[in-house]
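In what follows, a structure is listed as structure tokens, so that the remarks can point back to it.
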Amino acid sequence: MINFVPQIIWMGRHLFLIGTLLLTSVLVAGQSGSPEPSADILQKLQSGGENGHIYLKADSILVANYFKLQHQNRTITGVPGYRIRIFSESGSGAKDKQQRVRARFLSLYPEIDAYYRYDEPYFKVYVGDCRTKSEAIKLYDDIRGDFPNLIIVDDYINLKNKVQNQSIHDR
């Protein structure tokens, strides 16, 4: 009786290697092409690629997620950074309390922006546009006396007012 398991493993490894090389060559070819942002690599590959040499069959869920991510990337404004969440509540009266907390913060720290956000079912207030975590920690230390339940969170921030990221004690 012949044992086919070693041959199947050998074939599987080679198919994996060939697939990896093909994917790498497609990615490299996509990067070395024209830099115009409107060129959609997925559509180009599905329609036969350049010169009709590459064909891509993709699951519809994969294609839908690709376009969803592409849309999200187009709608993101700002750059990765940090903000401090000073309020998060749900239930009756949470929206009014959210507005009062934001107004209180802006009256105490008018040079720092404060943002409303509704993440169902929570009403939240975020403050600051900190580019680095150390800036966020410094801001956290400066405002924690007035707002005790603070949390530093990753967010996309605005870079318009870099002055606001200076310590409040530097005023």
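Where a number appears in this text, it was derived from the coordinates with a stated rule and is not lab data. Keep in mind that this is a model prediction, so the values were computed, not measured. Note that each Cβ is placed from the backbone with ideal geometry, even for glycine, and that neighbours are counted across all protein chains shown.
Considering only residues in the range 106-138 that are aliphatic (A, V, I, L, M) and in contact with a Lys or Arg (Cβ under 9 Å, 6 or more places away or on another chain), the one that is surrounded by the fewest Cβ atoms within 10 Å (Cβ to Cβ) turns out to be 114. Would you be able to say whether some residue in the range 81-89 is surrounded by 12 or more Cβ atoms within 10 Å (Cβ to Cβ) and within 30 Å of residue 40 (Cα to Cα)? Yes, there is a match, as at least one residue in the range 81-89 is surrounded by 12 or more Cβ atoms within 10 Å (Cβ to Cβ) and within 30 Å of residue 40 (Cα to Cα). For the range 58-82, a residue qualifies if it is among the small types (Gly, Ala, Ser) and free of Cβ contacts under 8 Å to residues at least 12 places away in the same chain, and the qualifying residues are 60, 64. For the range 113-146, filtering for residues that are in contact (Cβ under 8 Å) with a residue 12 or more places away in the chain, farther than 19 Å from residue 97 by Cβ and not in a strand (DSSP E or B) leaves 11.
The single condition from (1) within 14 Å of residue 154 (Cα to Cα); (2) of a type in the set (Asp, Glu); (3) over 25 Å from the mean Cα position of the chain (by Cα) that residue 96 fails is (1).
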